[in-house]
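The structure appears below as structure tokens.
The numbers here are math on the coordinates, done by the rules we state, and not lab data. Keep in mind it's a predicted model, so treat the numbers as computed, not measured. With ideal geometry, Cβ positions are generated from the backbone for all residues, glycine too; neighbour counts draw on all protein chains shown.
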Amino acid sequence: MATELLPIGILVSGRGSNMLAIADAIAAGQVPACIKVVISDRPGAPALAAARQRGIEVMTLSRKQYPSRAAFETALAAALKDKGVELVVLAGFMRLLSQTFLDQFPQRVINIHPALLPAFPGLDAQRQAWEYGVKFSGCSVHFVDEGVDTGPIIAQAVVPVLDTDIPETLAERILAEEHRLYPQVIKWLAEGRVEVRGRRVFIRA
Ligand code: GRF
């Protein structure tokens, strides 16, 4: 019996390499999901052109178009619902989302962060880790809550920090792991194997 495809919406603000990795994994038949829409809050985001090239529907919703954050988020949630989106995937989306927005997609908004949370949340995480001098960093996929990279962690991948690294080379190796881990987590969610108990998340066999 064919598994039903999980309808996802991807929110971006920039480059879009994670969005493309997810699109590739879906196209390769590795993830039972379908991308209903890619939405950017920045009109010039390279991710938009990349998605369009793949024939993925794109939209731009700029915060400036709306009188308030609440109005922006209402429009964002409406656009996602209108496309039938059931999982909201943040991939380099540079905005925090309010509880009002999150309540409309309970345990259905995920993010990827380029560090081993709870270490080095926020911007420029790879540089933060390199400057701190940690020997291992990596990436984390987590459910989104109102905080900055604070929601329950679904999965992490570890990347060693080499003596020869500079922040850019470390970021590059972490990014390769992001491209592997994010589709994997979406697969687990699409298969209904992810169970949340408080802050702890379990992947059923
Ligand atoms: C990634 O490093 C991701 O971990 C972080 O933002 C970056 C987005 O890169 N949240 P891209 O737009 O997916 O290439």
Margin query: If you restrict to DSSP beta bridges whose two residues both lie in the chain, what percentage is antiparallel, to the nearest 5?
Written below: 45 percent
Notebook entry, point to check: Calculated FRET efficiency, Thr169 and Ala70, Cβ-Cβ r, R0 35 Å, to nearest 0.05?
Noted result: 0.25
Next item on the list: Using label points projected 7 Å from each Cα along Cα→Cβ, tell me how many nm separate Glu191 and Glu86, to one decimal.
Entry: 1.6 nm
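Return an integer: the convex hull volume of the alpha-carbon atoms of region 1-95, in Å³ per residue.
On the way: hull volume 8.0 nm³, N = 95.
With only Cα atoms used, region 1-95 gives 84 Å³ per residue.
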Margin query: Using each residue's phi in region 195-205, evaluate 6.51 cos²θ - 1.76 cosθ + 1.60 at θ = phi - 60° and report the 3J(HN,Hα) Karplus result to the nearest Hz, with x for Gly and Pro.
Written below: 10, 10, 10, x, 8, 9, 10, 10, 9, 6, 5
Item checked: Cross-link reach list, lysines versus Lys187, counting only Cα pairs under 22 Å and skipping chain neighbours closer than eight places -> Lys36, Lys81, Lys83
Next item on the list: Could I have the simple spin-label model distance between Met94 and Phe136, label points 7 Å from Cα toward Cβ, reported in nm to one decimal?
Entry: 3.2 nm
Next item on the list: Taking H placed 1.01 Å from N in the peptide plane, check which residues at least 5 places from Ser137 or on another chain put their amide H under 5 Å from its amide H.
Entry: Val159, Val161
